[in-house]
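Below is one structure, written out as structure tokens, with a few remarks after it.
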Amino acid sequence: MKTFIISSIILLSIFINFSALAQIDPKDHGLDYFLPPTEYDDSILTPKQFLGYQVAEWHVTHDQLIAYMRYLAEASDRVTYSIIGLTYEKRKLINLTITSPENQARINNINEAHQNLADPTYTARIDTQNLPAVLYQGYSIHGDESSGGNAALAVAYYLAAGQSSFVKQILNDLVILFDPCYNPDGFQRYASWVNSNQDKMHVTDPEDISHNEPWPTGRTNHYWFDLNRDWLLLTHPESRARIEIFQNWNPNVLTDHHEMGKHASFFFQPGVPSRTNPLTPQINQDLTERIGEYHASALDSIGSDYFTKERFDDFYYGKGSTYPDGQGCVGILFEQATSEGIHQETNNGLLSFPFAVRNQVVTSLSTYRAMLKLRPELIKYKEEFFKERYEESKSDPVQAYIFDQPDKWKRDRFVDILNRHKIETKKSKENYTYDGHEYTAENSIIVPVQQKQYTLIKSIFEPLTTFKDSIFYDVSTWNFPMAFDGKFARMAEEDMRPIKLTNYKAVIDQSKEIDSPSSWIVSWSHYMAPALKYKLEQQGIPHSLASNDMEVGGQMIPAGSILLKDGDFPDNLHQMLDDLKIDRLDRQAFASDNFIDEGWKVFQGTKKEIGILVGDGVNSYEAGDTWFQLDQRWSIPTSRLELEFLSKIDLSRYTTLIMPDGNYNLDEEEISQLRKWVLNGGNLIAMRRALNSLTKFEMVQLIEREAMKGKEDLKGGGQVIGGSIFLSEVDMEDPLFYGYPDSELAMFKKGTQWYQSNGLNEIEVVAKYTADPLYSGYSSKENLFKAGGSASVMRKRYGNGTIIMLVDNPNFRGIWYGGATLFANSIFNNK
């Protein structure tokens with residue numbers, strides 16, 4: 001084997017200060033700028049030899065990135081390449097397993113040992129003396145934070161071709177699950193944009209187009225979701241693919257490489273100590289800090305500034321660097337100041353893209369050094385974590401959670417998420433009454449706490465309203481039973497004794513032939529009923545709607561439910577329902593003599609044409625929530641209308657326009673256009689801060705709640721609600737709440753919009769926050785004072801049209817299934 005040495009002037013390159021490093025000409029660096037000097041296998045191409053340009057000279061595109069990763073797997077026996085899924089845009093999600101050839105040969109045995117370490121019921125002795133530790137190393141979950149994905153080029157080459165004793169020790173003592181790009185669609189979107197605006201002179205002016213990414217940016221995935229909030233929710237294929245890898249290995253450490261604002265330096269965890277999840281053991285944070293010492297040393301050696309234990313936290317288990325902390329793994333977040341292009345002026349001087357990439361490479365390598373030193377402790381910590389949590393579960397007063405959800409579509413998706421996190425789900429063989437509620441064997445699931453994922457179970461099921469800190473980097477709660485809009489209860493050991501349990505397995509898209517009836521009813525409470533309603537309208541298929549709750553054939557039918565009578569069935573009815581994931585067990589078949597005409601209204605409305613206002617000023621996350629709900633979940637085509645061109649759009653085409661959260665700066669002509677459209681019969685749905693814009697446009701007159709007397713001694717951030725669950729009391733007679741089983745509605749709350757519920761001119765308040773509305777999460781006393789009894793859902797008749805005002809986003813992050821029916825009613829039952 002031939003080798004060569006990447007040379008560098010060591011004394012100069014190691015001890016140059018930050019500013020000098022930042023000012024390096026992006027065209028004037030070699031691979032030795034990123035990597036330590038070592039011998040390499042010269043039969044393996046460097047990134048430059050493969051791509052035709054040096055690392056960080058351009059922003060690598062996703063197709064180029066995975067092509068190089070595939071090449072390394074073909075060229076090196078240290079690397080295996082796996083396709084683990086596809087994105088919405090059909091880009092490959094990949095994962096490399098990087099370790100020594102000897103470890104590759106026994107990879108299944110290594111995996112089995114790590115699975116056994118994470119199994120608290122496994123009693124046989126595990127030989128850990130020669131067991132490699134496992135690192136899950138991932139980059140650029142935010143697509144426009146691209147220094148991570150570009151660093152992956154250099155790091156992967158170093159591991160595949162490096163010949164130093166350090167590299168060989170890494171390969172012998174570690175198994176690296178290497179994900180070069182968590183977010184292919186966003187990464188490609190950003191790389192294409194930034195490369196198309198790159199110039200020869202690398203203009204550093206912050207106002208240059210290359211440093212000002214357009215809406216919606218490459219941060220998010222195809223549907224504009226932040227994938228770093230989806231590790232627990234598993235709404236998207238990218239998340240489901242990587243969680244399968246994580247759960248298959250139960251790694252010892254997971255790293256997550258990000259970027260932050262350009263005026264910062266470099267961050268590594270631990271985060272703010274008072275904002276650590278209370279379920280995370282202190283030893284986790286101790287290990288995080290000890291690993292951080294290696295990052296500090298590495299960054300000191302190249303003269304890079306950094307900080308730790310500030311700004312970022314380890315609270316929400318749905319983030320990449322915190323999800324592992326509840327599972328015997330140490331999660332590490334890295335944040336590098338962004339160059340937003342190739343070269344830019346910042347408060348700290350010039351910042352270059354190569355410099356940003358270099359910091360990501362250096363801390364990737366310092367992670368290896370830390371894990372080699374701490375390998376025995378990390379392995380021991382994982383084993384003890386699961387055993388200790390399992391022992392805790394035995395003495396927990398709560399021995400199981402029981403959850404009832406009659407909608408099989410919602411219930412099975414809840415179970416599917418739990419199972420993907422390796423949480424076992426059971427069901428009772430018989431109906432069971434607990435605390436006055438009958439949990440049927442057919443509609444309920446039971447989650448025992450005595451299992452390996454005890455910590456994650458407590459996190460998912462238990463509400464939390466007491467906190468050490470008043471500031472959160474993201475949400476402060478994520479209660480799944482409330483998200484899935486079901487009834488749940490805690491069960492003690494004595495409650496469990498009479499129950500005969502069997503496994504519950506989600507069966508997605510089950511089909512079962514049944515005899516053709518005279519009539520079909522699909523309950524409006526079914527999650528996919530709005531998708532069926534849309535298809536029936538578009539295809540002109542006659543159908544009727546229940547105008548109130550009623551009993552048919554001994555079964556309760558909620559208002560809004562859809563009736564298809566004999567003679568009106570389309571030939572493809574069964575296939576249509578199957579395509580919409582309305583399981584054949586969820587359709588209620590009745591003979592025609594069970595019906596009376598009273599209470600059913602034949603649909604005579606117009607076909608729906610829906611538009612979402614998007615563009616500068618609009619919250620792209622929440623616009624994405626809405627687009628995803630309509631397009632991906634309900635298969636309802638939806639036009640995204642750019643505000644920049646609003647005055648040129650003929651709005652008369654649309655029956656419904658949706659204003660997601662945002663600050664809308666429309667001129668007088670555009671405001672007049674919007675008013676006329678509503679006056680002529682349009683249905684306008686406004687969410688969160690869009691309500692303030694409607695007040696500014698003088699289309700509604702909302703009154704904000706007054707502050708309580710006296711002020712809390714809280715910093716500004718303490719008055720922020722980053723994500724909590726609030727309860728509302730709804731008007732069950734109003735069509736906006738067709739399909740709900742009772743008058744209490746839980747919604748996910750972000751922001752502090754509080755409006756009076758009385759004294760409003762021509763505005764109907766159809767839902768109010770309860771007097772004591774906080775179910776779970778953080779809220780200041782000031783905000784609780786304002787929230788109690790304030791309006792949460794309002795409607796105004798505006799000429800021939802309607803304005804529906806939703807103070808909260810009903811489609812939050814694609815997980816708030818309980819808000820979907822309200823959103824559907826806002827479109828289909830808004831009058």
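Would you check if SER304 is open to solvent by less than 10 Å² (accessible area, probe 1.4 Å) and assigned to a loop (DSSP other than H, G, I, E, B)?
yes
Looking at the stretch 330-352, can you tell me whether even one residue there is in contact (Cβ under 8 Å) with a residue 60 or more places away in the chain and in a helix (DSSP H, G or I)?
no
Name, by its number, the condition in (1) assigned to a strand (DSSP E or B); (2) open to solvent by 10 Å² or more (accessible area, probe 1.4 Å); (3) closer than 23 Å to LEU378 by Cβ that does not hold for ASN248.
Single failed check for ASN248: (1).
Would you mind telling me which numbered condition in (1) of a type in the set (A, V, I, L, M); (2) modelled with pLDDT under 95; (3) in a loop (DSSP other than H, G, I, E, B) ALA20 fails?
(3)
Return the residues of the stretch 417-430 that are polar (S, T, N, Q) and open to solvent by less than 10 Å² (accessible area, probe 1.4 Å); say none if nothing qualifies.
THR425
Which members of the stretch 378-403 meet the condition of being open to solvent by 30 Å² or more (accessible area, probe 1.4 Å), out of contact with any helix residue (DSSP H, G or I) (no Cβ under 7 Å at 6 or more places or on another chain) and of a type in the set (D, E, K, R)?
Those that are open to solvent by 30 Å² or more (accessible area, probe 1.4 Å), out of contact with any helix residue (DSSP H, G or I) (no Cβ under 7 Å at 6 or more places or on another chain) and of a type in the set (D, E, K, R): LYS380, GLU384, LYS387, GLU388, GLU391, LYS394.
Condition (residue is under 30 Å from ASN130 (Cα atoms), in contact with a helix residue (DSSP H, G or I) (Cβ under 9 Å, 6 or more places away or on another chain), at pLDDT 95 or above and crowded, with 19+ Cβ neighbours inside 10 Å) applied to the stretch 404-416: is it met by at least one residue?
Checked against the condition, which is being under 30 Å from ASN130 (Cα atoms), in contact with a helix residue (DSSP H, G or I) (Cβ under 9 Å, 6 or more places away or on another chain), at pLDDT 95 or above and crowded, with 19+ Cβ neighbours inside 10 Å, the stretch 404-416 yields no hits at all.
Which of the residues spanning the stretch 473-487 are open to solvent by 20 Å² or more (accessible area, probe 1.4 Å), out of contact with any Asp or Glu (no Cβ under 7 Å at 6 or more places or on another chain) and not acidic (Asp, Glu)?
Correct list: TRP478, MET482.
Please list, ordered by first then second residue, the pairs with beta carbon atoms under 6 Å, 6 or more apart or interchain, first in the stretch 443-458 and of a type in the set (Phe, Trp, Tyr), second open to solvent by 10 Å² or more (accessible area, probe 1.4 Å) and modelled with pLDDT of 95 or more.
Hits for this filter: TYR454/ARG389.
Given the criteria open to solvent by less than 30 Å² (accessible area, probe 1.4 Å), aliphatic (A, V, I, L, M), modelled with pLDDT of 95 or more and farther than 30 Å from ARG125 by Cα, does VAL330 qualify?
When the stated conditions are applied, VAL330 does not pass them.
So LYS711 fits all but one of (1) at pLDDT below 95; (2) crowded, with 17+ Cβ neighbours inside 10 Å; what number is the exception?
(2)
With respect to THR220, determine if the residue is more than 30 Å from TYR40 (Cβ to Cβ), touching a Ser or Thr at 6+ places or on another chain (Cβ under 8 Å) and polar (S, T, N, Q).
Yes.
For the stretch 730-774, name all the residues that are assigned to a strand (DSSP E or B) and open to solvent by 50 Å² or more (accessible area, probe 1.4 Å).
Those that are assigned to a strand (DSSP E or B) and open to solvent by 50 Å² or more (accessible area, probe 1.4 Å): GLU744, GLU764, LYS768, ALA771, ASP772.
For the stretch 310-321, enumerate the residues that are part of a loop (DSSP other than H, G, I, E, B) and free of Cβ contacts under 8 Å to residues at least 60 places away in the same chain.
Within the stretch 310-321, just GLU310 meets the criteria.
Can you pull out every residue in the stretch 27-50 that is touching a residue at least 40 places away in the same chain (Cβ under 8 Å) and assigned to a helix (DSSP H, G or I)?
Hits for the stretch 27-50 are LEU31, TYR33, PRO47.
The values are calculated or read from the model by the stated rules, or taken from the named source; none is laboratory data. Bear in mind the structure is a predicted one, so any value in this text is a computation, not a measurement. FYI the Cβ positions are ideal-geometry reconstructions off the backbone, even for glycines, and counts take in every protein chain you see. Heavy atoms of the whole protein, side chains included, go into the accessibility calculation; ligands, DNA and RNA do not. Shrake-Rupley method; radii C 1.70, N 1.55, O 1.52, S 1.80 Å.
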